[in-house]
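Participant: Pasting a structure here, questions to come.
Bear in mind these aren't lab numbers, they're just calculated from the coordinates by the rules spelled out. Because the structure is a prediction, the values reported are computed rather than measured. No Cβ is skipped: glycine too gets one built from the backbone with ideal geometry, and neighbour counts run over all protein chains shown.
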Amino acid sequence: MATNFAGMPHFNRTSLWMIIAILFPLIAILNQSGQTPEIEDKPTTNLYFSLPELQFHRIDNSAWIELPGSGEISMSIITDSVPKNRLKIPPHQDFKVSIRNNYAITWVKIPSEQAALEVTLEFLRDWLPPIRSENLIIITGEVDRPLIKEIRNILRRSNGDSIPLVQKVDQYVSRIAVPDMGSQEQLAFLIAAEIIRQRVTGYQPKLTWDHSDHVSYLDLNTTIKPEWLALASAEEIANIRDYMVEAAAKTDRTSDQIHRYLVTQAIYDLPAEFIQQQSDLLAEVTDNSVNERISNFKSIK
């Protein structure tokens, strides 16, 4: 099961340091190497897309999935420093900055309209630090290869200020390291963590996933009680595993889910088929591997 972004520190238009300041005059994005790429305005006709039918494309550090009928374009630009300019966020644009795997991820989603694309690319040029060849750019929606190329060319001329990414570790009573993303050990950990979560529900603890650094963590604001770490029965494991397998086996996904999957795949350098084979991979997780993960919770720091 793909891990979502819950638990990551993120900054959106309501965050303290993203205060609205000024609105730069709207101008056409023209520069030395050409003008804003042209796109056809398209309405939303599809809300869900079939995972088995998705075509994953990647050239160098640009990755994209074409979602005809989505009526939108989503972009995630991955940088190793955090943009810090105080800019007015365009009203048509969904926007968020998050920290994951020790990268800053600037995400925007806009309608597939020429005017929206022009304003957003202008905003991103002023917001982002200069985009280099090693920076990942992830795009999904009403896109094609020429558009991906042109967007990257424009963002190479971005000129925003940024600050080094410094991890801030919150204080938790219990912090458990998560195995490498995409590994069988990580899938076993997800099942084990859900078993623990269900066992501690009556105690009202706070469990938080933190994927901001190279090593992910599951954080708890309480001391783990020994009885929570009893080995799980085959039935207990099967109930959780079967639920996760069933959820992962559902073929239809929204455009937002697909975009998050592609970002996860790209920043952790996972194979494209990982997204489409999650149900099979989860089904292969053994009872012993889940109980081994539960036992490892005892060695937390």
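Participant: Express in whole angstrom the spacing between the alpha-carbon centres of the stretch 83-113 and the stretch 226-301.
Facilitator: Comparing the Cα centres of the stretch 83-113 and the stretch 226-301, I get a distance of 29 Å.
Participant: Arrange the following residues from fewest to most other Cβ atoms within 10 Å of their Cβ: PHE95, PHE189.
Facilitator: PHE95, PHE189
Participant: Something else about it: Among LYS84, LYS109, LYS42, what is the fewest-to-most ranking by other Cβ atoms within 10 Å?
Facilitator: LYS84, LYS42, LYS109
Participant: For the stretch 111-203, state which GluC sites (Glu not before Pro) are in a DSSP loop and have at most 11 other beta carbons lying within 10 Å of their beta carbon.
Facilitator: Passing sites in the stretch 111-203 are GLU134.
Participant: Suppose every Lys and Arg Cβ carries +1 and every Asp and Glu Cβ carries -1, with no other charges. What dipole size does the stretch 159-301 come out with about its Cα centre, to the nearest 20 debye?
Facilitator: 560
Participant: For the residues VAL108, VAL173, VAL290, what sequence is obtained by ranking on other C-beta atoms within 10 Å, fewest first?
Facilitator: VAL173, VAL108, VAL290
Participant: If you count, for each residue, the other Cβ atoms within 10 Å and average over each peptide, how do 64-72, 157-165 line up from highest to lowest?
Facilitator: 64-72, 157-165
Participant: Based on the mean of other beta carbon atoms within 10 Å per residue, what is the order of 228-241, 49-62, 250-263, most packed first?
Facilitator: 250-263, 228-241, 49-62
Participant: Given LYS96/LYS250; LYS42/LYS206; LYS88/LYS250; LYS88/LYS206; LYS84/LYS225; LYS109/LYS225, which pairs have Cα atoms separated by over 32 Å?
Facilitator: Correct reply: LYS42/LYS206; LYS88/LYS250; LYS88/LYS206; LYS84/LYS225; LYS109/LYS225.
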